[in-house]
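The next block holds one structure in the form of structure tokens; read it before the comments.
Taken together, the values in this text are just the output of simple stated rules run on the coordinates, not laboratory data. Just so you know, these numbers come straight off a predicted model, no measurement behind them. Cβ atoms come from the backbone with ideal geometry, glycine included; neighbour counts cover every protein chain shown.
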Amino acid sequence: MADSASGSASAPSSDFYTAAGFRKWVVENKIKAVGSLWASAVGGSILYNFRKPGEKMSVKIIHARLHAQALTLAALLAAGAVEYYELSSGAKVEKVAEQTKLH
């Protein structure tokens with residue numbers, strides 16, 4: 001059997017569990033981070049809305065979707081701000097130039 005640590009390239013490294021490592025992973029995997037945040041928001045909102053016994057199920061689901069949508073829009077705005085900062089600071093240009101060097 002293959003070692004699971006040598007699996008996919010997007011698997012978190014050992015420094016993923018530090019603040020700097022997590023930030024680096026989020027910057028490199030913006031779409032995965034936003035998708036995970038959305039799924040967590042929907043789940044959390046559904047659990048929260050199920051504590052309200054007087055509302056219809058359709059209303060609970062609509063509220064959960066709206067909460068998750070608002071949080072996802074905020075996350076996308078944050079990802080856009082990070083991308084803009086990377087481009088304006090030149091960090092993104094240097095990173096792409098480094099990755100495309102011919103050996």
Determine which lysines satisfy two conditions relative to Lys30: a Cα distance under 22 Å, and not lying fewer than 8 residues away in the same chain. Lys92, Lys95
Approximate spin-label separation Ala19-Ser58, in nm, with each point projected 7 Å along Cα-to-Cβ: 4.7
Rounded, prolate or oblate: pick one for the stretch 16-103, where a ≥ b ≥ c are the square roots of the eigenvalues of its C-alpha gyration tensor, a/c under 1.5 means rounded, and failing that, prolate if a/b is larger than b/c, else oblate. prolate
